[in-house]
Amino acid sequence: MTVGSLLILPGDGIGPEVMDEVCRIIEWFEKKLKIQLDTKFDLVGGSAYDKYGTPLADTTLKIANEVDAILLGAVGGPKYDNLEFSLKPERGLLKLRKELDLYSNLRPAQCFDALSDYSSLKPNIISGLDIMIVRELSSGSYFGEPRGIEINKKSGERYAINTTYYSESEIERVAISAFEIAKKRNKKVCSMEKANVMEVGVLWREVVQKIKDKNYPEIELSHMYADAGAMQLVRWPKQFDVIVTDNLFGDLLSDCAAMLTGSLGMLPSASLGNKNANGKLKAMYEPVHGSAPDISGKGLANPIACILSFSMALKYTFDLKKEAELLDKSVERVLSKGIRTADLLQKENQKPSSTKEVCDEILVELNQQLKEG
Ligand code: NAD
């Protein structure tokens, strides 16, 4: 059965290396579970610049607008450092996010038991952690006008301005996104803002509560000031299921929550927008890490962040929750066997597995789970 279409953009550096492994997983799903994806491949970032003279070609953007989901590896690298700003690889990624109006950024913080020693928090606080931060991505302090650095005409002193702006509809759409995600999880949402000192926070709280009262009776909603939320994330993170927050607070809280769980090579993400012509939310899935030029081409990259990004696509775009769980479980089993790439090794005498070897083992565990039924 064809479940939908997927545009694969491997990008630069370790992007193509980790994406090769994801393609082997996709093949496994096609062969063993008859889950057919209409996959297309194209370029983004430096590799697109090399071929098309731009980090995101119009033809690629057109396909990106037509598919159900995009899976992106990573962009960037020293080779492109001296390019003019608009041609830099990162512009390709930002243009994709902007043109597709991907306003809801999902950053899970999930701790695999085998890695609970990697956290700076105690294992009992962190083991079994599974939370999702939903960060508003297209408005707020990073985009609000007026902004800039000015000179006070009277005193001659420079001053800087940024504006935190949110319209009701911008808050509504990210709140809906968070509630929909919570429906597929443990049905709990905590909304974080600073309603005690910011008008934006007062409106945020009011609108999120209104959406919940109107359309989501089954969801348990709480509100927390973002500074208290940061403290609670470190004190007892397992109290949360889904956290929804604005662009600036989300930037800080999602980085903090993600690093509770260990290496950059383990962190997936998703960015979602409005519905496309097929009634699915526009979506781009990508690992949080960059192109890691220091390890690129050496078979050292951890493919798990990209594999878990694909798992998020299975769950949130293609509605294949059980299949996503099968993949997550295989990753967990591989880690608990002690198989891991160099970024996850703590002892000097441990032998790291290569990018390909980690994926080989994930495929073994997928087959094993099929046998177990
Ligand atoms: P980076 O994430 O590429 O690397 C930071 C460190 O983490 C490096 O030591 C790297 O070896 C390690 N690392 C990252 N991913 C890993 C993985 N999967 N397995 C093992 N180790 C891993 O960040 P950086 O070095 O600051 O940036 C390098 C390039 O990537 C720059 O050009 C930057 O602009 C770009 N970048 C792209 C994205 C993206 O595509 N989303 C994100 C961040 C940075």
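Details
- Taking a point 7 Å from the Cα of Lys187 along the Cα-to-Cβ direction, the residues of segment 206-238 with backbone N closer than 17 Å to it are 212-222.
- For the chain, the antiparallel share of DSSP beta bridges with both residues in that region comes to about 45%.
- The packing ranking of peptides 174-182, 251-259, highest mean first, is 174-182, 251-259, where packing means the average number of other beta carbon atoms within 10 angstrom of each residue.
- Highest to lowest packing among 41-53, 130-142, 76-88, scored as the average C-beta count within 10 Å: 130-142, 41-53, 76-88
- Theoretical FRET efficiency, 1/(1+(r/R0)^6), r = Cβ-Cβ of Trp236 and Glu30, R0 35 Å, to 0.05: 0.25
- Packing, taken as the mean count of other beta carbons within 10 Å per residue, orders the peptides 17-23, 356-362 from highest to lowest as 17-23, 356-362.
- Working from label points 7 Å from Cα in the Cα-to-Cβ sense, the Ser155 to Glu199 distance is 2.3 nm.
- For Asp50 and Asp113, the difference between the fully extended length at 0.36 nm per residue and the C-alpha to C-alpha distance is 18.5 nm.
- In nm, spacing of pseudo-spin labels at Asn82 and Asn274 (7 Å Cα→C-beta vector): 4.4 nm
- Stokes-Einstein diffusion coefficient of the chain, Kirkwood radius over Cα pairs, 4 °C, 1.567 mPa s, in µm²/s: 60 µm²/s
- Taking a ≥ b ≥ c as the square roots of the eigenvalues of the Cα gyration tensor, segment 244-373 is classed as oblate, since a/c reaches at least 1.5 and a/b does not exceed b/c.
- Rounded FRET efficiency, nearest 0.05, which uses the C-beta distance separating Ser336 from Asn124 and R0 of 22 Å: 0.80
- Using a simple spin-label model with pseudo-atoms 7 Å out from Cα toward Cβ, Glu348 and Thr59 lie 5.3 nm apart.
Only the coordinates and a few stated rules stand behind these numbers; no lab work does. What you are looking at is a predicted structure, and each value in this text was computed from that prediction instead of being measured. Because the Cβ atoms are built from the backbone with ideal geometry, glycine has one as well, and the counts that use them run over all protein chains shown.
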